[in-house]
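Structure record follows, encoded as structure tokens.
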Amino acid sequence: MHKLFIPYIMGNKGFIENVKTLSNSGADIIEIGVPFSDPVADGPVIMEAGSKAIAEGVNVQFILDELKAHKNQIKSDFVLMTYYNIINFYGEDAFFAACEDAGVYGLIIPDLPFELLEQLKSRHPERKLKIISLIAMTTSEERIQQIAQKAEGFIYTVTMNATTGENGKFHPELKSRIKQIKSIANVPVVAGFGIRTPNHVKDIIEASDGVVIGSEIVRRFAEDNRTTTSSYLATIRTALDS
């Protein structure tokens, strides 16, 4: 079975070239962060990247405009990771329409719990956008059933009880939890948070349908040139395919 590679990058002034690099490196779905002033789910690397993007004047409209202008040059699907305040300020109807016009596959909204996500879905029954659900290691059995049965696109399983990019071993029950979710869900179940190395990928991929890698890729694009970042991405794609 093909395993999904879902890299994350921050939407900044030069993000569209990073999107193309990721797409050309075998990314199946690219997660693009919309910079926000109070990113409660983000670790320090992504928070810093978001702050710099805001200082550059980047906002969700800039990101949507760039994606619309370049969508035909991007081979991968792409999703936006955004907080609900941005959607609410933009206006739900207008935001969904703009995302679809820009070719966005789906949305990850980490500050909306299951019930509010379901309400958002019900307000927009004609939408094409997938609303991606997250499941944490602290999620109850009953809630896992509810989320998995209603999931769209893919399920994002959080590997640890922390913010993105924090160091630490994955939760000891992670693999069994992923297998449990897969037995219920009708969409792929991927793992994210704290995944950095090919060995991390090889460890997790036996249970999951793919991985999300964020902070390490954000850091590499900020510090390295695209050639060395592409080499790193190739090692991840190889680990997924091995």
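Here's the list of lysines a cross-link from Lys52 could span, going by alpha-carbon distance under 26 Å and ignoring same-chain residues fewer than 8 apart: Lys13, Lys20, Lys68, Lys71.
Rg over Rh for the stretch 83-210 works out to 0.99, using Cα positions for both radii and the Kirkwood form for Rh.
A simple charge model with +1 on the Cβ of Lys and Arg, -1 on the Cβ of Asp and Glu and nothing else charged puts the dipole of the stretch 1-92 at about 300 debye relative to its Cα centre.
Summary value for the chain: 23 percent relative contact order, contacts being C-alpha pairs under 8 angstrom separated by 6+ residues.
Dividing the summed helix terms, -39500 (n - 2.57) for each DSSP H run of n ≥ 4, by the number of residues in the chain produces a 222 nm estimate of -14000 deg cm²/dmol to the nearest 500.
Scalar couplings 3J(HN,Hα) for the stretch 236-242, obtained by applying the Karplus form with A = 6.51, B = -1.76, C = 1.60 to θ = phi - 60°, are 5, 4, 5, 4, 5, 8, 7 Hz; x denotes Gly and Pro. The ellipsoid equivalent to the alpha-carbon distribution of the stretch 174-232 has semi-axes of 27, 10, 9 angstrom, derived from the gyration tensor eigenvalues as √(5λ) and listed largest first.
A 1.4 Å probe run over the chain, with the rest of the protein chains in place, finds 44 Å² accessible per residue. From the P(r) of the chain, can you give the percent of Cα pairs sitting at distances over 26 Å? It works out to 33 percent of all Cα pairs.
Amide H contacts of Met10 (H built 1.01 Å from N, in plane; Pro and chain starts excluded): Gly33 sit under 5 Å, all sequence-distant by 5 or more or on other chains. Candidate cross-link partners of Lys175 among the aspartates and glutamates, defined by an alpha-carbon separation under 20 Å and a same-chain spacing of 8 or more, comprise Glu141, Glu142, Glu166, Asp203, Glu206, Asp209, Asp241. Judged by the gyration tensor of its Cα atoms, with axes a ≥ b ≥ c, the stretch 46-110 is oblate; a/c meets the 1.5 cut and b/c is at least as large as a/b. FRET efficiency for the pair Gln73 and Ala222, taken as 1/(1 + (r/R0)^6) with r the Cβ-Cβ distance and R0 = 22 Å, rounds to 0.45. What is the percent carbon and sulfur in the accessible area of the chain, measuring with a 1.4 Å probe over the protein chains and ignoring ligands? C and S fraction of accessible area: 49 percent. Here the simple spin-label model places points 7 Å from the Cα toward Cβ, and for Glu118 and Glu17 these points are separated by 4.6 nm.
With 0.36 nm allotted per residue and the present C-alpha distance subtracted, the Asn85-Ile54 stretch has 9.6 nm of extension available.
The values are calculated or read from the model by the stated rules, or taken from the named source; none is laboratory data. Since the structure is predicted, the reported quantities are computational estimates derived from the model, not experimental observations. For neighbour counting, all protein chains shown are included, and Cβ atoms are generated from backbone atoms with ideal geometry for every residue, glycine included. Areas reflect the complete protein model, heavy atoms only, side chains present, ligands, DNA and RNA absent. Shrake-Rupley method; radii C 1.70, N 1.55, O 1.52, S 1.80 Å.
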